[in-house]
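Note sheet for the following structure.
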């Protein structure tokens, strides 16, 4: 992800050079998607800056994380094992910082837990609320 955020034409050149290899490997559409992300990130400096400041866990301290240790309510943190939007380390940080929090990782799942894992998520929440 980090190279997509670089403010240098080198990243664009690398994407262009990768086109023939991506086509040969049957990954042309994926490369086009990545190139589109790059264009979007470069056209939105605020979003780019936000992402750059959160590339490392130790840099991703926002207001919630500064105060999260104060939560005293039972908390269930549900994480998707293949989420590329909210990374697993983030969920683990919440679990570690909230006293008594419970972490459940749903295997074979991505960021879209609500539509794709609704039954599993509902069962987890229901079970958690029964205690």
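Please treat every number below as a calculation from the coordinates, not as lab data. Because the structure is predicted, anything quoted here is derived from the model rather than measured. Glycine gets a Cβ as well: all are built from the backbone with ideal geometry, and neighbour counts include every protein chain shown.
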Exercise. Is the range 64-131 rounded, prolate or oblate when judged by the Cα gyration tensor, a ≥ b ≥ c being the square roots of its eigenvalues, rounded requiring a/c under 1.5 and prolate requiring a/b larger than b/c?
Worked result: oblate
Problem set entry | Structure-based [θ]222 nm, the chain - -39500 (n - 2.57) summed over DSSP H runs of at least 4, per residue, nearest 500 | -16500 deg cm²/dmol
Seminar exercise, completed: A convex hull over the alpha carbons of the chain yields, per residue, a volume in Å³ of 129
For this session: Label the range 2-52 by shape, choosing from rounded, prolate and oblate, from the square roots a ≥ b ≥ c of the eigenvalues of the Cα gyration tensor; if a/c is under 1.5 it is rounded, and otherwise prolate applies when a/b is larger than b/c, oblate when it is not.
Result: prolate
Problem set entry | GNM top mover of 93, 110, 73 - the chain, alpha-carbon springs below 10 Å | 73
For this session: Give me the distance in nm between label points sitting 7 Å out from Cα along the Cα-to-Cβ direction at residue 47 and residue 86, one decimal.
Result: 2.0
Problem set entry | Nearest-0.05 FRET efficiency for residue 40 and residue 123, computed from C-beta distance (R0 41 Å) | 0.70
Seminar exercise, completed: Under the 7 Å Cα-to-Cβ spin-label approximation, residue 30 and residue 108 lie apart by a distance in nanometres of 2.0
